[in-house]
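Take a look at the structure below.
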Amino acid sequence: MSRAHDVIVVGGGVIGSAVAYYLSKKGIDVLLCERGDVANGTSSSCDGNVLAIDKMPGFDSQITFESQKLYDRLETELGHDFEYRRLGSTLAVEDEEQAVTARDWVRRQKQAGLPMRYLEGQEVHDDEPQLATDIIGLVECASDSSLNPMAVVFGFVLASQRHGASVKRFTEVRSVVTGGKSEVTGVDTSEGRFAAPKVIICAGVWTPALAGTVGVNVPITPRKGQILVAERTKTIGRRKLMEFGYLMAKFGGPAKRKVEPDMEKYGIALVFEPTPHGNFLIGSSRQFVGFDTVCSSRVNTLLARRAIRFYPAIRDVKVIRSYAGLRPYTDDHLPVVSEAPEVPGLYVAAGHEGDGIGLAPVTGLLMSQMVTREQPVMPVEPLRLDRFQRSSVGVGHASCS
């Protein structure tokens, strides 16, 4: 057995690397284990959203807003360029029925303290000239931003190492090891056993399998999403834009979009993201298909068709590649950032669905405060693992209606 560490963090994606950074920044001896290279899993198969606009008003939007404030100073703090751009984001409103819901959405988010407003009429097309002429409204959130997901992971990892953290790449953690009183004593890996009195599982959709090695149930399900990458071209949109129907695809609820059945079947809703390099990303889709990450040509076609509906000018733009990733989904759309009460020393930070990039800083900070028994920057009760034991369906399904 190698020397003991204070904490072992399992998973070198954006959540695990953020947790390692905030712990090591406090002087804690951290070992970060990743079965591949860092940013090798879901963090390499997503877009770079740091969004509050698509969060439920209340705790969901507040935790995101807290993370956004951390991101505003992280490039300087980490000393690493991760292409952070705070341009705001918008939701495109297609008809008067959506407009009623959208105005109420803005009202509720403003009451929660978010910098949001509703644009309509000519304001819409002054803001985004390439939008289809029948788009009647835009919901805007000024605090939203975007970044390069893989670059931010490397920024966290490199800064962690400067603070003394050890990083084991290509080291698969196969099980959590416990002692005679079921307390954590370390992990078994492909490189042998490593000792620590605390283990934090940050393995995304692979978290349930690892937590299950010590009998802990973490109800996270893979939710597949595909993204198209377009060639470099003229400016189409100046910042992140989603359709307002994205909220319906994400949260469900009684409200239905006026789209063809296959759009609903595959959870297709426009997400348009321009990059600093002159091309753009097109999403999104949502499917429960296990651990399948093969891109479907049917889904790719639907993504392109939905994008053209909102931006007719991209009809002749070439798609250069597509990729798919697995969102770690929970029933109540909130992550698990928590101790595992039945196994002393075990913690979980996973289940962020499509919000892992945006929530990474606040997750890392909260987890470091849990480990050191400090007062958290915000209430953590909604993120506790045992909330799923208190209700057969979690704390309640969100709805944008």
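Bear in mind these aren't lab numbers, they're just calculated from the coordinates by the rules spelled out. Because the structure is predicted, anything quoted here is derived from the model rather than measured. Counting neighbours? That spans all protein chains shown, and the Cβs are built from the backbone with ideal geometry, glycine included.
Listing for the model above:
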{"read-out": "Acute angle (nearest 10 degrees) that the helix 356-371 long axis makes with the longest principal axis of the chain, alpha-carbon atoms", "value": "30 degrees"}
{"read-out": "Förster-model FRET efficiency, 56 Å R0, K69 and D134, C-beta, rounded to 0.05", "value": "0.95"}
{"read-out": "Taking the chain and dividing mean pair separation by its residue count, relative contact order in percent (alpha carbons under 8 Å, at least six apart)", "value": "23 percent"}
{"read-out": "Theoretical gain in end-to-end length, R107 to H125 [0.36 nm per residue, Cα-Cα removed]", "value": "4.3 nm"}
{"read-out": "Simple label model, 7 Å out from Cα along Cβ direction - R162 to Q389, nm", "value": "4.1 nm"}
{"read-out": "Cα-based shape type of region 250-383, given that a ≥ b ≥ c are square roots of the gyration tensor eigenvalues and the cut on a/c is 1.5", "value": "prolate"}
{"read-out": "Cβ crowding within 10 Å averaged over residues, with 267-273, 130-136 ranked highest first", "value": "267-273, 130-136"}
{"read-out": "Alpha carbon convex hull of region 3-54, volume per residue in cubic angstrom", "value": "93 Å³"}
{"read-out": "Inter-label distance, nm, simple model (7 Å from Cα along the C-beta direction), K181/V229", "value": "5.1 nm"}
{"read-out": "Long-range amide H partners of R223 with built H, under 5 Å", "value": "R327, Y329"}
{"read-out": "DSSP bridge pairs, the chain: antiparallel proportion in percent, nearest 5", "value": "70 percent"}
{"read-out": "Principal axis dimensions, region 2-118 - Cα atoms, whole angstrom, descending", "value": "63, 27, 24"}
{"read-out": "Full-extension gain in nm, R373 to R305, via 0.36 nm per residue minus C-alpha separation", "value": "19.4 nm"}
{"read-out": "Value at 222 nm in deg cm²/dmol, rounded to 500, when DSSP H runs of n ≥ 4 in the chain each add -39,500 (n - 2.57)", "value": "-8500 deg cm²/dmol"}
{"read-out": "Using θ = phi - 60° and Karplus 6.51 cos²θ - 1.76 cosθ + 1.60, couplings along region 30-45 (whole Hz; Gly, Pro as x)", "value": "10, 10, 9, 10, 9, 6, x, 8, 5, 6, 8, x, 4, 5, 9, 10"}
{"read-out": "Relative contact order (percent, whole number), region 125-197, Cα cutoff 8 Å, 6+ residue spacing", "value": "16 percent"}
{"read-out": "Principal-axis tilt of helix 59-71 within the chain, Cα atoms, nearest 10 degrees", "value": "80 degrees"}
{"read-out": "Packing-based order for 48-56, 289-297, using average beta carbon neighbours within 10 Å, highest first", "value": "48-56, 289-297"}
{"read-out": "Subset of K198/K224; K55/K198; K69/K110 violating a 20 Å alpha-carbon distance limit", "value": "K198/K224; K55/K198"}
{"read-out": "Correct choice for semi-axes √(5λ) of the Cα gyration tensor in Å that was computed from the model, options [x] 33, 26, 20; [y] 51, 24, 18; [z] 37, 21, 20", "value": "[z]"}
{"read-out": "Theoretical gain in end-to-end length, K26 to E260 [0.36 nm per residue, Cα-Cα removed]", "value": "79.0 nm"}
